[in-house]
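The values are calculated or read from the model by the stated rules, or taken from the named source; none is laboratory data. Source: prediction; values computed, not measured. Because the Cβ atoms are built from the backbone with ideal geometry, glycine has one as well, and the counts that use them run over all protein chains shown.
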Amino acid sequence: MAMHIVDRRLNSGSKSLENRQRFLRRAKALIQGAVNKSSQDRDIKDVLEGGEISIPLDGMNEPRFRREGGTRDMVLPGNKKFVEGDMLPRSGEVRGKASGAGEGDGEDAFRFILSRNEFVDLFFDDLELPDLAKRKPAEVDNEGFRRAGYATSGSPSNIAVSRTVTLSLARRVALRRPRSETIAKLEADIMNCDEAERTKLMAEAEALKEKIRRIPFIDPVDIRYRRFEPTRKPVAQAVMFCLMDVSGSMSEHMKDLAKRFYMLLYIFLKRRYRHVEIVFIRHTDRAEEVDEETFFRGPASGGTLVSAALSAMHEIVRSRFRPADWNIYAAQASDGDNSNSDADVVSRLLTEMILPVSQFFAYLEVGEASGNGFDMSESTLWLLYRRLCSDGAPLSMRKVSERNEIFPVFHDLFRRRGSLQKAVP
Amino acid sequence: MTVLTERLFEGADWDFQTLQRIHDACEDIAVTELGLNIYPNQIEVITAEQMLDAYCSAGMPLFYKHWSFGKQFAHQEAFYRKGLMGLAYEIVINSSPCISYLMEENTATMQSLVIAHAAFGHNHFFKNNYLFKQWTDAEGILDYLEFGKSYVTQCEERHGREAVEQTLDAAHALMSHGIDRYPGKKKLDLRAEERRAGERRLHEEQAFNDLWRTVPTGPAKSPESLNIERRRKLLGLPQENLLYFLEKSAPRLQSWQRELLRIVRHVAQYFYPQGQTKVMNEGTATYVHYRILTRLHEQGRISDGNFLEFLRSHTNVVFQPEFDDPRFSGINPYTLGFAMMQDIERIVSNPADEDREWFPDIAGTGEVMATLRDIWANYRDESFISQFLSPRLMRQMRMFHLHDNPDESAGIRVDAIHDERGYRAVRRELARQYDLGVVESNIEVVDVDLAGNRRLMLRHAVVKGALLAEADAKQVLHHLADLWSYDVSLVEVDANDVVLKEYVASPRITIAAA
């Protein structure tokens, strides 16, 4: 009998992908909760690797009519010592009991593995930059290509065959290129005619053949290429300033917290917004713009002058990012230590220069692990910012003293808000 | 005699020629020696990932899209990746040609086992067992699934994914009660099914006339004209196939929703015989692969080493942990099936006195294959066990029967064991465990309140005091009410018609925004 062997290994293996996406979509709220929960006690690097999560099973239950209770009968293999009429105690010993029923056993949690992309997508899903409003038409983004008619030049792979043949046909008709059938007919006639006619016909055939040679079937002028045009669409330009205090008063733990926060911010922006410029500024009593590598890894130490960082930011805004065209965001991390004399400068810089042009300004105060630093007194910077805040400045402020607080605080700061609601703390 | 038969393969490696050779060698033995009658075979080689895929669409190569399959996939994948679960060596589909999936990482020996097991054992069973003949249409199933898949996609495009998903969710919840248990007038023909679905839709579109909406309705019929007898007759009550009833009689479903219910119902019906023949089906396939591989080894076409490898896998497959073993999870259908087939072989060819007494019809007739083929064709698990489980096998497996009455405070009673007094009781109880009619709850539609609020009334005949699990029952009833679009009530009654429990559910949403 005929037998077929089919090699299916080359077929794509992800036939279930669509179903999986449906499942994820359906369980989104549950999964998101699980993702946020599981990310709290993990390192940022690990978070981005995806991993196993578990969601409560009842949320995704598929109910069926099934029975429970009542009297049960079961036949089991492997009797060793029982005889008819024995009574077995209900708990323990007879293990067959639970599985004998076979129906109701289930787990209370449903575990599965999310891929890296799925995980990060879900993690950042409900976050966004607030107030991304200023759209400058000049800045455009290449979104891809679209068909835009035909061109006389182009790459061979883009030849528009039907258009080319149409044009060539038109040209051949216009120039009266002899058809091959005409010549064939003429040659047939030559075979069957007398001598006098023959020379004449042969000359005629020769002329036609000559004409065919002169008028090519397809001439370079016929050839058309499909033309593609890059499509562009305006995008919102945004810039995020990351201001980090690296002064001596910041302990290693604080720096670590701040860096983690910025790492998260950095990943979030890179992933969700392709057009966000990021400016890294670190400061002691002097401020400098640094690259990403130095920002996250470079060591530095010194006194503290917050105004230095703010004026550096202001300088950069003025020279490179026109507030009319750019959505400007800033996130500042500090331990809150600042010299009292600096307070006025900071306050003036913020209220007059920076906050008016910013969409959103987040302040993250990092504290010692035990958290005792906060309870005793509010830091100078915190007091100052809170005053500004109550005056209605678009300023959000949060405190962080433990590593596992970073994710919730981050979520809180960039939570998606209603469109009408301003970014208020 | 020194006829040197050529080995089918050496070592563990194989290629497609090897598979072909193995298949041909197996076929030779299967047809001439075992007398099997099979569908043409199609063997497909797949990867582990594809095997996982197949797991999650009920083993079928194509299936409509639904989130629950994705859920299953995510779950299985997590288990598989953690190494908690191995994958099956093969999946076989009851279709013509009979499709067997082989995993690419199987060794040549394993491929031989799998080909003998699936492509001949299961294949023969599918083609010859009366349940499969009656309830499935092997020629049409793949086309029908293809139709189902594209129909669901089409519905999603026309009516939105949400609406389709809600309907399918509801239908899935009722799937176990969407089965006809008694054969109808004519054989199932899935190709015609598909054609008719298309014709129905076409007719509806052609016959659509908005004027019908404006035609005045006549005076309402008096309630007396619909007395209970007539009403039940009109609605075909009582009806235990809930999906069928809804498809035909739910007042407010759209035609595409009826078609979806129909698809789910057909799929459930297609799998119905498999649930009733687990022991026999696996027993047949295991017996066949054992016979074929043993013969191949005798012929010298499989080396001793490879044969040992085969025996090892075979032993794993038919391993039965005892009830107090931590690995115990019910009776292994492979073990029971294979043991019974071998036992029958023994009874037919070399019976003891006891066997002559218990099985006068087959003992000592000597026609092993004819007897087995007849059994394979005409029984299902329940009848097979109640007819052919021998005292000797009961002793061998040391079976005993426990009776657990929750009212009995002293504990669980050992009702019968593998002795002279207990054989029949043990056998009867074991057979009953495989009777889907007993395993599934018996729920039927009994009436519809047509004169009043159109409430749909269901009744669950409680057996041995086992009520429905409440949380699940409520959810299923909600799904049912959604489809019915009016209230649904369910009463649970015992054998004396005493109502034990009552449920009422109202539709949450109108799925069909008419």
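What the table below lists for this structure:
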quantity	calculated
Helices (runs of 4 or more DSSP H) lying entirely in the range B:287-375 (those with 1 or more residues that are within 14 Å of chain A (Cβ to nearest Cβ))	B:333-349
Only listed residue being among the charged types (D, E, K, R), surrounded by 11 or more Cβ atoms within 10 Å (Cβ to Cβ) and not in a helix (DSSP H, G or I), chosen from A:ARG177, A:ARG172, A:ARG147	A:ARG177
Yes/no for B:ALA471 being farther than 26 Å from B:THR277 by Cβ, exposed (fewer than 15 other Cβ atoms within 10 Å of the Cβ), facing chain A (nearest Cβ under 10 Å) and small (Gly, Ala, Ser)	yes
Some residue of the range B:373-385 being surrounded by fewer than 17 Cβ atoms within 10 Å (Cβ to Cβ) and under 20 Å from B:VAL426 (Cβ atoms)	yes
Residues located in the range A:377-401, provided they are among the small types (Gly, Ala, Ser), touching a residue at least 24 places away in the same chain (Cβ under 8 Å) and out of contact with any Pro (no Cβ under 7 Å at 6 or more places or on another chain)	A:SER379, A:ALA393, A:SER401
In the range B:121-147, residue nearest to B:TYR334 (Cα to Cα) [restricted to those that are in contact (Cβ under 8 Å) with a residue 24 or more places away in the chain and either assigned to a loop (DSSP other than H, G, I, E, B) or basic (Lys, Arg) (or both)]	B:ASN129
Long-range neighbours under 6 Å by Cβ, at least six apart or interchain, first residue free of Cβ contacts under 8 Å to residues at least 60 places away in the same chain within the range A:16-37, second of a type in the set (Asp, Glu)	A:SER16/B:ASP53
Single residue of B:ALA118, B:ALA78 found to be facing chain A (nearest Cβ under 8 Å), touching a strand residue (DSSP E or B) at 6+ places or on another chain (Cβ under 7 Å) and either surrounded by fewer than 24 Cβ atoms within 10 Å (Cβ to Cβ) or in a helix (DSSP H, G or I) (or both)	B:ALA78
Any chance B:ASP404 is within 14 Å of chain A (Cβ to nearest Cβ) and either within 26 Å of the chain's Cα centre (by Cα) or without any contact (Cβ under 8 Å) to a residue 24 or more places away in the chain (or both)	yes
Helices (runs of 4 or more DSSP H) contained in the range A:1-120 and holding at least 1 residues at pLDDT below 75 and crowded, with 18+ Cβ neighbours inside 10 Å	A:28-40, A:44-47, A:96-101
Scan of the range B:18-35 for residues that are buried (at least 20 other Cβ atoms within 10 Å of the Cβ) and within 11 Å of chain A (Cβ to nearest Cβ), ordered by number	B:LEU19, B:ILE22, B:HIS23, B:CYS26, B:GLU27, B:ALA30
Helices (runs of 4 or more DSSP H) wholly inside the range B:200-283 containing at least 1 residues that are modelled with pLDDT under 75 and surrounded by fewer than 19 Cβ atoms within 10 Å (Cβ to Cβ)	B:228-235
B:SER100 being within 14 Å of chain A (Cβ to nearest Cβ), assigned to a loop (DSSP other than H, G, I, E, B) and either in contact with a strand residue (DSSP E or B) (Cβ under 6 Å, 6 or more places away or on another chain) or among the hydroxyl-bearing types (Ser, Thr, Tyr) (or both)	no
Top-ranked residue of the range A:288-309 - restricted to ones that are in contact (Cβ under 8 Å) with a residue 40 or more places away in the chain and among the hydrophobic types (A, V, I, L, M, F, W, C), ranked as farthest from A:MET353 (Cα to Cα)	A:ALA300
Of residues in the range A:246-261 being surrounded by fewer than 22 Cβ atoms within 10 Å (Cβ to Cβ) and in a helix (DSSP H, G or I), the one nearest to the chain's Cα centre (by Cα)	A:ARG260
